[in-house]
Amino acid sequence: MATDTAAPTVPARRCATTTCPYCGVGCGVALELEEDESGPRIVSLAGDDQHPANYGRLCVKGSALAETLSPQGRLTHPQVRDAAGVLREVSWDTALDLIATRFGQLREMHGADSIAAYLSGQLLTEDYYLANKLFKGFIGTPHLDTNSRLCMASAVVAHKRAFGADAVPCNYEDLESAELVVLVGSNLAWNHPVLFQRLKQARIDNPLLRIVVIDPRVTDSCEIADLYLGIRPGSDARLFNGLLAYMAERGRLDRLYLEAHTQGFDAALAEARREECSLAAIARDCDVDVERLETFYYWFTTQLHVVTLFSQGINQSTSGTDKCNAIINCHLAGGKLGLPGAGPFSITGQPNAMGGREVGGLANQLAAHMDYDTPGARALVSEFWQAPNIPEAPGHKAVELFAALGRGEIQALWIMATNPAVSLPDSHNVRAALARCPLVIVSDCVTDSDTLAYADVVLPASSWGEKDGTVTNSERRISRQRGLLTPPGEARHDWWQLAEVGKRMGYSQAFSYAGPHAIFREHARLSGYRNASPRMKAGKRIGDKASCVKRLFNIAPLAELDRAEYDNLKPIQWPVRRDAHGSLLGTPRLFEDATFNTPNGRARLVPIIPQLPCQLLSSETPLRLNTGRIRDQWHTMTRTARSPRLMNHRAEPYVELHARDAESRKLQDGALARIFSRDAQGAIRGDYRARVRISSGQRVGEVFIPMHWNDHFASHGRAGALLAGLTDPLSGQPESKHGAVEVVALECEWQATLLLAPGLLEQRTDFTVAMEALEGWYWARIPQGSLVRYQLAGGGQPDWRKWCHEQLGIAADLWGEDDAYKELRAAGLKEGRLQWWLRVAPASSSALRQPNVAWLGECFANDQLAPRERRSLLAGKPSGQAEVGTMVCACHQVGEITIRHAIQVGDTSVESLGARLACGTRCGSCLPELKRLVEEERSHERTDTSLEMA
């Protein structure tokens, strides 16, 4: 007899949109989700073709977002460090009660300013708003700052000095409407790839568009440059002061604009003319070709629609604010802003650095674009929040905050969504300060954060895909980042953690929120509250305690959104208003009416005195150090390292330097080097160990290192360890682009590639012991999904058989030596499954030959190795397969050797390479590198032909 059987449940599918959590471009992301009894999961991810920031484009990092969402390595339970120094899991009530109690005790004993918070541009606006309200409004401490201090603080101060408000005047469409785009201190191709692709397309669409790149390094952004100026590091202010003087000398000033809408021009020009203003003198000081300099000046002065896009190369300086204002001066002098395709454009580094600035996330801010020195602002915010404890003066900026921590002035620090033990300069002293602090609270979502080692309380936070709220990108565009996934374990949202502490400290009425929608509405109401901006209708006035405060930031109409409207909010640029029909309207471009947020409505030109970097070169540290991002990584790698394909483009820390500097130091390309700096007393400050990359794009006497590696991924990879904690006196932004270092060879006797099954030797303490047994001097850890790759180097003559058996716990099943390459190769299996794989070579080999990690990953994933796999195992690749080389295209996993071979056999364009190998056909992030490889191979071919003819 037939029996009825229930049909299998088909998982429900739905589509949703959200916003990327990486750079400040703020790209929209379109997701398809599948949901069953275990919860929702992402089944496909692409760019949102309706989002005005990216129109469907995504870079390689954004494309790989779904690969970073594994529950492995996530923090899932609150923890408190016990008397023995061990972190123990506790309940949320225990952790939150402890924080509230200790905060109350410290405030009573040492005052409110003994408590501090350090936030992040990774937080959502709602999280930021509540943190600012709790710490400044109710605890009463001014010491709340953010890692945006390391990113955009100089631009913030420059905007305020020039415009009276921290207001970016441009939008992304201006890049496409311009006649001239100038990139200054911005490797747009790697750091904001989607904007780079938009600019590249704009150049195709408009052949008259010219692009100038100003940067000490020849970067991938130069691919689209009509003119490149490789200036001396730190000479930016001199360059733009010279441009201002040139504009005056050649009669290219907009006198009508200057007289009607600005002030301070005469003083700014007089200061610019204080130094010799001849083209030859400026070219000498900036170390550029005089004809190239004159071409740049001529192009700038003869075009009205000019966008100058600047980023960390300008900001991260002890005179970063002045450099920003030197750029803005030139735009004001020529009337080149408030127009389509014109203006100074500061490109934000983080997804919500702008949102953090809106709510008061910097120590010198109160809230809603009001500062401590804004007349009436403190009383206004106090009245709105009903908060009697607002401090009277600004708090410590980031670098000084950690210095105060080290001095014992701050007794408790709450760190949210950032890794200051790695990212701050002078990181050794930062770590010492964290170790000294009696109460360190860390809210984070992952375990691979160095800062957790100093935490007394660990709070597990939700991550991208789980968090729900808003972010603001570089063009002032507010977008929704939607909570679509379930946080693992007991992870909770940051705003909830803050609200719970606030309630436990006795402020229940001020911190009882139904969700992020309620927080956002309050934030929006505050932006319009007693706002006297002539552009916007003032917010409702209550009582007479506070005077009106004029401010450009105003999103008051968004306070009227109900929950459904908030959930469905479309991207919109502030200021926001409603039209006659009640529809929401954003503001794509500011200052079109040439009215500014200063008391008299005029923009201010600022006299600029060019300053040299404060980290001085010496005979012991003669090389100028530049630090920055690389294409496939983000901040301190705690998210991007979770995606295997993002670990392949630049798998290890590296130092890039000119061939002449390498030759004088006997450094070979691919070999290991040690980079160090010295403190004021001459003692060695930092120790950075990395692969040498010889590059003609580096100026002689200068080196570049990436900023990303932390102690979970490299033995000596912290860039911040090499940098002094010197800052811009106005913005507090550190001088991260102008270190002083020396580079020497790391004299190792051997180097090795070790591949391990996940979980084998994955405890860092175990690995440290294992490396000590090897006399290991260098290691880099590279997660690759089904295996973990280590690159090792050290001294002595290890007994590898003994080491593998004792440290890995599994003896070698396969062992072989290659006399041709002087290599040792071995592998260990357990019950027929591959557990580890090893290749060792002399350190004299400049670059250890790498195996086919993708193929070996399949071997690690197999329960049993097939006979053909076992036979090829020691070779590290399938029989007969060619080497693929360093990964260039992360999307399609196409290596450099494969690409060069294709070029040599006839694929001599980026398009033909894409047709054959698929490289460059997805996100486009590798296109500049593909073009460079084509040009290199063509150059080699021309050289070979010349030699044959000779």
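The values are calculated or read from the model by the stated rules, or taken from the named source; none is laboratory data. Bear in mind the structure is a predicted one, so any value in this text is a computation, not a measurement. Here the Cβ is made from the backbone with ideal geometry for all residues, glycine too, and neighbour counts use every protein chain on show. Keep in mind that these areas ignore ligands, DNA and RNA; they rest on the heavy atoms of the full protein, side chains included. Shrake-Rupley method; radii C 1.70, N 1.55, O 1.52, S 1.80 Å.
Structure above, values below:
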quantity: Those residues of region 308-326 which are within 18 Å of residue 192 (Cβ to Cβ) and hydrophobic (A, V, I, L, M, F, W, C), in sequence order; calculated: 309, 310, 314, 324
quantity: Failed condition for residue 597, given (1) more than 22 Å from residue 477 (Cα to Cα); (2) surrounded by 22 or more Cβ atoms within 10 Å (Cβ to Cβ); (3) touching a helix residue (DSSP H, G or I) at 6+ places or on another chain (Cβ under 8 Å); calculated: (1)
quantity: Hits in region 471-493 - residues which are within 30 Å of residue 345 (Cβ to Cβ) and either at pLDDT below 95 or touching a Ser or Thr at 6+ places or on another chain (Cβ under 8 Å) (or both); calculated: 471, 472, 473, 474, 476, 478, 479, 480, 481, 482
quantity: Residue, nearest to the chain's Cα centre (by Cα), within region 813-844, restricted to residues that are in a strand (DSSP E or B) and of a type in the set (Lys, Arg); calculated: 839
quantity: In region 32-51, the residues that are under 16 Å from residue 61 (Cβ atoms) and among the hydrophobic types (A, V, I, L, M, F, W, C); calculated: 42, 45, 46
quantity: Residues of region 243-252 classified as surrounded by 20 or more Cβ atoms within 10 Å (Cβ to Cβ) and either aliphatic (A, V, I, L, M) or over 10 Å from residue 330 (Cβ atoms) (or both), total; calculated: 4
quantity: Members of region 580-594 found to be open to solvent by 20 Å² or more (accessible area, probe 1.4 Å) and in a loop (DSSP other than H, G, I, E, B), listed by number; calculated: 580, 581, 582, 583, 586, 587, 588, 589, 592, 593
quantity: Extreme residue, nearest to residue 134 (Cα to Cα), among residues of region 53-90 that are touching a helix residue (DSSP H, G or I) at 6+ places or on another chain (Cβ under 9 Å), surrounded by fewer than 18 Cβ atoms within 10 Å (Cβ to Cβ) and of a type in the set (Ser, Thr, Tyr); calculated: 70
quantity: Number of the exception - residue 256 against (1) within 37 Å of the chain's Cα centre (by Cα); (2) more than 30 Å from residue 740 (Cα to Cα); (3) surrounded by fewer than 17 Cβ atoms within 10 Å (Cβ to Cβ); (4) not basic (Lys, Arg); calculated: (1)
quantity: Helices (runs of 4 or more DSSP H) contained in region 60-150 and holding at least 2 residues among the aliphatic types (A, V, I, L, M); calculated: 92-110, 125-132
quantity: Elements of type strands (runs of 3 or more DSSP E) in region 694-773, at least 1 residues being more than 28 Å from the chain's Cα centre (by Cα) and surrounded by fewer than 20 Cβ atoms within 10 Å (Cβ to Cβ); calculated: 739-745
quantity: Residue 503 being closer than 24 Å to residue 348 by Cα and basic (Lys, Arg); calculated: no
quantity: Subset of region 225-269 (residues that are acidic (Asp, Glu), touching a residue at least 60 places away in the same chain (Cβ under 8 Å) and in contact with a Phe, Trp or Tyr (Cβ under 9 Å, 6 or more places away or on another chain)); calculated: 236
quantity: Whichever residue in region 202-214 is open to solvent by 20 Å² or more (accessible area, probe 1.4 Å) and either charged (D, E, K, R) or outside any loop (DSSP other than H, G, I, E, B) (or both) and, among such residues, is farthest from residue 235 (Cα to Cα); calculated: 205
quantity: Qualifying residue in region 792-808 (condition: among the small types (Gly, Ala, Ser), within 27 Å of residue 650 (Cβ to Cβ) and at pLDDT below 85); calculated: no
quantity: Flag if residue 819 is open to solvent by 30 Å² or more (accessible area, probe 1.4 Å) and free of Cβ contacts under 8 Å to residues at least 12 places away in the same chain; calculated: yes
quantity: Residues satisfying the stated conditions in region 158-180, i.e. farther than 19 Å from residue 574 by Cα and open to solvent by 10 Å² or more (accessible area, probe 1.4 Å); calculated: 161, 176, 177, 179
quantity: Test: residue in region 777-791 that is at pLDDT below 90, open to solvent by 10 Å² or more (accessible area, probe 1.4 Å) and not in a loop (DSSP other than H, G, I, E, B); calculated: no
quantity: Residue list for region 28-47, restricted to those being farther than 18 Å from residue 67 by Cα and either assigned to a loop (DSSP other than H, G, I, E, B) or open to solvent by less than 30 Å² (accessible area, probe 1.4 Å) (or both); calculated: 37, 38
quantity: Within region 792-816, tally of residues that are touching an Asp or Glu at 6+ places or on another chain (Cβ under 7 Å) and open to solvent by less than 10 Å² (accessible area, probe 1.4 Å); calculated: 2
quantity: Options 735, 747, 742; residue that is under 15 Å from residue 424 (Cβ atoms) and charged (D, E, K, R); calculated: 735
quantity: Flag for residue 25 being among the hydrophobic types (A, V, I, L, M, F, W, C), part of a strand (DSSP E or B) and more than 28 Å from residue 459 (Cα to Cα); calculated: no
quantity: Total residues in region 678-726, condition of a type in the set (Gly, Ala, Ser) and closer than 21 Å to residue 748 by Cα; calculated: 5
quantity: Residues being open to solvent by less than 50 Å² (accessible area, probe 1.4 Å) and out of contact with any helix residue (DSSP H, G or I) (no Cβ under 8 Å at 6 or more places or on another chain) - total across region 822-834; calculated: 5
quantity: From 199, 144, residue being open to solvent by less than 10 Å² (accessible area, probe 1.4 Å), under 20 Å from residue 344 (Cβ atoms) and in contact with a helix residue (DSSP H, G or I) (Cβ under 7 Å, 6 or more places away or on another chain); calculated: 199
quantity: Residue list for region 903-937, restricted to those being aliphatic (A, V, I, L, M) and touching a Ser or Thr at 6+ places or on another chain (Cβ under 8 Å); calculated: 917, 934
quantity: All positions within region 328-359 that are in a helix (DSSP H, G or I), over 20 Å from residue 527 (Cβ atoms) and either hydrophobic (A, V, I, L, M, F, W, C) or open to solvent by 10 Å² or more (accessible area, probe 1.4 Å) (or both); calculated: 328, 330, 332, 333
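Per-residue answers, yes or no, for (1) at pLDDT 95 or above; (2) closer than 26 Å to residue 154 by Cα; (3) under 28 Å from the mean Cα position of the chain (by Cα); (4) assigned to a helix (DSSP H, G or I):
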{"site": "216", "(1), (2), (3), (4)": "yes, yes, yes, no"}
{"site": "232", "(1), (2), (3), (4)": "yes, yes, yes, no"}
{"site": "245", "(1), (2), (3), (4)": "yes, yes, no, yes"}
{"site": "268", "(1), (2), (3), (4)": "yes, yes, no, yes"}
{"site": "276", "(1), (2), (3), (4)": "yes, no, no, no"}
{"site": "280", "(1), (2), (3), (4)": "yes, no, no, yes"}
{"site": "293", "(1), (2), (3), (4)": "yes, yes, no, yes"}
{"site": "307", "(1), (2), (3), (4)": "yes, yes, yes, no"}
